[in-house]
Amino acid sequence: MNIRWHYALGNLNEKYRLISVRFGKGIAGKVISSGSPIMIEDFPNNINGKPLEQPIMLAENLVSSYAIPLFFNAVPKGVLLVGNRQKHTYTDEDQNKVKESASSLEKILTVQIRSGGK
């Protein structure tokens, strides 16, 4: 299964549309396969694996990111990623805001999927 980025806000370019990673690879693949958040605070320093394995970080010149799974029917099916082009540590408050946003997105997307995308 390949994973793609479908939406982006604040992006520098459209390269995110071309990114496709396998399940378990890249930020999105790891978040979906584990069902757990991932935080990167100082890319490309102190990361697991090679920088080339994080194409969204490279394409958008991100230095820090926090990504959490989006669940559909209790299964992780998507990812909400927030990023910063400067070194940043996401506080508990930041993480809670992202979780609240993810919950809102899950509700919106569930309604969209059930209505056939209309």
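Here, each number is a calculation from the coordinates, and none is a lab measurement. Keep in mind that this is a model prediction, so the values were computed, not measured. Neighbour counts are summed over all protein chains in view; Cβ atoms, including those assigned to glycine, are modelled from backbone coordinates with ideal geometry.
Within the option set 26, 35, being touching a residue at least 24 places away in the same chain (Cβ under 8 Å), out of contact with any Leu (no Cβ under 9 Å at 6 or more places or on another chain) and surrounded by 14 or more Cβ atoms within 10 Å (Cβ to Cβ) holds for one residue only, 26. When you check residue 21 against the structure, is it free of Cβ contacts under 8 Å to residues at least 40 places away in the same chain, hydrophobic (A, V, I, L, M, F, W, C), touching a Phe, Trp or Tyr at 6+ places or on another chain (Cβ under 7 Å) and not in a helix (DSSP H, G or I), yes or no? No: the conditions fail for residue 21. Being exposed (fewer than 12 other Cβ atoms within 10 Å of the Cβ) and among the polar types (S, T, N, Q) holds for only one residue in 46, 11, and it is 46.
The set of residues in region 48-74 that are without any contact (Cβ under 8 Å) to a residue 12 or more places away in the chain and closer than 23 Å to residue 106 by Cβ comprises 73, 74. For region 88-118, residues that are touching a helix residue (DSSP H, G or I) at 6+ places or on another chain (Cβ under 9 Å) and under 30 Å from residue 46 (Cα atoms) total 2.
Conditions tested, residue by residue: (1) assigned to a loop (DSSP other than H, G, I, E, B); (2) surrounded by 13 or more Cβ atoms within 10 Å (Cβ to Cβ); (3) under 17 Å from the mean Cα position of the chain (by Cα).
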{"position": "52", "(1), (2), (3)": "no, no, yes"}
{"position": "70", "(1), (2), (3)": "no, yes, yes"}
{"position": "76", "(1), (2), (3)": "no, yes, yes"}
{"position": "100", "(1), (2), (3)": "no, no, yes"}
{"position": "110", "(1), (2), (3)": "no, yes, no"}
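Within region 54-68, the set of residues being surrounded by 17 or more Cβ atoms within 10 Å (Cβ to Cβ) and either aromatic (Phe, Trp, Tyr) or assigned to a helix (DSSP H, G or I) (or both) comprises 55, 56, 57, 59, 66.
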